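Just below is one structure, and these are the notes that go with it.
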Amino acid sequence: MQLIKCSNYRSGAVAGIVSMLLLLTACTEKPQLPANQQAEVGVATVQSEILPMSNELSGRTRAYQVSEVRPQVGGILRKRLFTEGSKVEAGDVLYEIDSASYQASYDSAKGTLAQAQADLLSAKPKAARTRRLSAMDAASKQDSDDAAATLKKAEATVAVAKADLEQAQINLQYTKIRAPISGIIGTSSYTAGALLTADQTTALTKINQLDPMYVDVTQSSASLLHLRNLVKNGSLKSVDGKVPVSLLLEDGSEYHHPGTLEMVASEVDEETGTVKLRAVIPNPDGDLLPGMYVKARLAMAINEKALLVPQKAVIRNTKGEATAWVVDATGKVEQRMLQLGQAVGDRWVVTSGIKDGEQVIVEGTQKGQKRRSR
């Protein structure tokens, strides 16, 4: 990358050029600069450089994950086990429901399984003996079939009993309501003694995962299309890999943890004519909260031949148009109209009106104008 090089100096050659410029200009403006006066000027050489083309878009922060905590079994809420507004980890117990009835159901299912397993233990050798006796014509075929059916029934009963025990165990575990994700937990909507139901619509509380964070911004579909066309025709180069994103906070301060653009929506909002973009931003210090207004800078393309001039070289005429005094390769000085792009620090991106290698006068023009008007 090449930066603009500025030099401030008193030069007879450049001063002479400026003197001639002012004298020529004075042909149309009656007052003239005395021939023996020379203006002190400073010039900056404009050189093309590689510049990321950044868009500044407004948006809001969103939690990376949001989980509403609800009970999966009904019962009386016995206790809350977390501090509101604190950080919780996935799997932490948040609430306890009275588990007495669920413990009883589990114990009953466990006994039923034991009984079914005992019946199966008895049916297996009986079926084997009857089968051998039937093969020796010592027992009827019917007796053998009945014994085999009893064995199958016992096996099915054991399978059902195992499933009932597993369901009872799951329901018993659900009496301890656990955090599904890690994050910051909100306020509790229920207190001890409340009756909860498995199909209730009201959440007990909500957990927000705040590191990282989403930042949702919008860009007009026309701007996005223009940018893509510039990349296609070679005016700009697309950014390799993920697009970097930096943030400005509500108070104007710079957020010091850059992120990346993760998603560009595949449809345009018909009401606003905008496309939604989503970035992922690290939030290790917890400075970002859901719903904050931010401005996101996205470097979605690269201008490999950007021309930038110092802002103090740009003068607005009476029509508000941007102009600058330019010294071309032959040493000729002329005032030119400029087409300006975005501001980059204390410089302007110039899209037309100046060429690579030319110089702009950054100091001395105002002094020369003051002398000229005397």
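Couple of notes before you dig in:
- Of the residues Ile302, Ile76, the one with the fewest other Cβ atoms within 10 Å heads the list, and the complete ranking is Ile76, Ile302.
- Proximity of backbone amide H atoms, modeled 1.01 Å from N, is registered between Ser48 and Gly357 at under 5 Å, excluding neighbours fewer than 5 places apart on the same chain.
- Amide H within-cut-off set for Ser220, under 5 Å, with H built and near neighbours excluded: Val275
- Within straight-line reach of Lys242, meaning a Cα separation under 19 Å, sit the following lysines at least 8 residues removed in sequence or on another chain: Lys232, Lys276, Lys295.
- Here the range 68-207 is treated with +1 on each Lys and Arg Cβ and -1 on each Asp and Glu Cβ, and its dipole about the Cα centre works out to around 260 debye.
- Note that the range 124-137 has calculated 3J(HN,Hα) couplings of 5, x, 5, 5, 5, 5, 5, 5, 5, 5, 5, 5, 9, 6 Hz, one per residue in order, obtained from phi through the Karplus relation 6.51 cos²θ - 1.76 cosθ + 1.60 (θ = phi - 60°); glycine and proline are x.
- Percent RCO, i.e. relative contact order, over the range 68-207, from Cα pairs under 8 Å lying at least 6 residues apart: 51 percent
- Based on alpha-carbon atoms, the Kirkwood radius and the radius of gyration of the range 135-291 give Rg/Rh equal to 1.34.
- Ratio Rg/Rh, restricted to the range 68-207 and using Cα atoms, in which Rh is the Kirkwood radius: 1.32
- When the range 188-345 is described by a simple charge dipole with +1 on each Lys and Arg Cβ and -1 on each Asp and Glu Cβ, the residue from Val280, Leu210, Val344 located farthest towards its positive end is Val344.
- In terms of surrounding Cβ atoms within a 10 Å radius of their Cβ, Met136, Met300 rank from fewest to most as Met136, Met300.
- Using θ = phi - 60° and Karplus 6.51 cos²θ - 1.76 cosθ + 1.60, couplings along the range 151-159 (whole Hz; Gly, Pro as x): 5, 4, 5, 5, 5, 5, 5, 5, 4
Read-outs throughout are calculated quantities, based only on the coordinates presented, and are distinct from any laboratory measurement. All figures in this text were calculated on a predicted structure; none of them were measured in a lab. Reconstructed Cβ throughout: ideal geometry from the backbone, glycine too, with neighbour counts over all protein chains shown.
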